[in-house]
Amino acid sequence: MPRDTHFYQPALGHGLPHDPFNAIVGPRPIGWISSQDADGDLNLAPYSFFNGFNYTPPIVGFASVGYKDSVRNIEATGEFCWQLATRELAEPMNESCAAVDSSVNEFDLAGLTPEPSRVVGVPHVKEAKVVFECRKTQTLRLQSADGEALDTWMVFGEVVGVHIDASLLSDGVYQTAKARPILRGGGPADYFEISDELGFKMHRPG
């Protein structure tokens, strides 16, 4: 018997109450990015399109829909930090997402502490249990299949410094679930948390 399938072409609309794309490609790690402009004014913002893209050197990247302050700042200074969004920092992370004027310091808005970084000039969130200090490698403007330039900007950065709370290391091995990272899902307000109970091991063949 044929499987009942909902098919749609995105350019023509999905025909559902909520666009399923973000829910299908997920849950996704959160790109919680700190940056500063050339005058040293700080910015902190979460991005739902974020991931790691290379081992050596380690490279991470996030996409900004619109040329927002984070992209502008990173273009100006060539530096940024990524902080791991965890369950205990979920509410402050969400506060830093507020649509406010570029003059507003989201560290203050979310009640977080800017901590000087070790390698880059951009401060990071002191309360975060994992931080990547990054130097920009590329900024790419995305385009559609027919070559149309989109108002979405992909920022890549090489990780040049890593901070890990020692409580997350067991015999030198990082414990993913212990950090209680939160991940962005679909829907207007859906997040997920990783737990040991839902984990399993699977080794690569060969």
**Asked** Whole-Å semi-axes of the chain's equivalent ellipsoid, largest first, each the root of 5 times a Cα gyration tensor eigenvalue?
**Response** 28, 24, 18
**Complete:** Connecting every pair of Cα atoms under 10 Å apart in the chain and solving the GNM, the largest mean-square fluctuation among 58, 17, 29 falls on 17
**Message:** Tell me the mean residue ellipticity at 222 nm calculated for the chain from its helices only (DSSP H runs of n ≥ 4, each -39500 (n - 2.57), averaged over every residue, nearest 500).
**Reply:** -2500 deg cm²/dmol
**Item:** For the range 113-146 versus the range 1-63, the gap between their alpha-carbon centres in whole angstrom
**Value:** 16 Å
**Asked** Which one of 38, 149, 63 has the biggest mean-square fluctuation once the chain is modelled by GNM with Cα springs under 10 Å?
**Response** 149
**Request:** Would you list, by chain and number, the lysines whose Cα falls below 24 Å from the Cα of residue 201, excluding same-chain residues fewer than 8 positions away?
**Result:** 178
**Asked** Comparing 15, 52, 78, which has the greatest mean-square fluctuation in the GNM of the chain with Cα pairs linked when under 10 Å apart?
**Response** 15
**Item:** Least to most buried among 153, 82 (fewest other Cβ within 10 Å first)
**Value:** 153, 82
**Rounded FRET efficiency, nearest 0.05, which uses the C-beta distance separating residue 16 from residue 154 and R0 of 45 Å** = 0.95
**Prompt:** So what is the relative contact order for the range 63-169, in percent, with contacts set as C-alpha pairs under 8 Å and at least six apart?
**Reply:** 32 percent
**Item:** Rel. contact order, % - alpha carbon contacts under 8 angstrom, at least six apart, the chain
**Value:** 23 percent
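Bear in mind these aren't lab numbers, they're just calculated from the coordinates by the rules spelled out. If you're wondering where the values come from, they're calculated on a predicted model, not measured in any experiment. Using ideal geometry, Cβ is built from the backbone for each residue, glycine included, and neighbour counts are taken over all protein chains shown.
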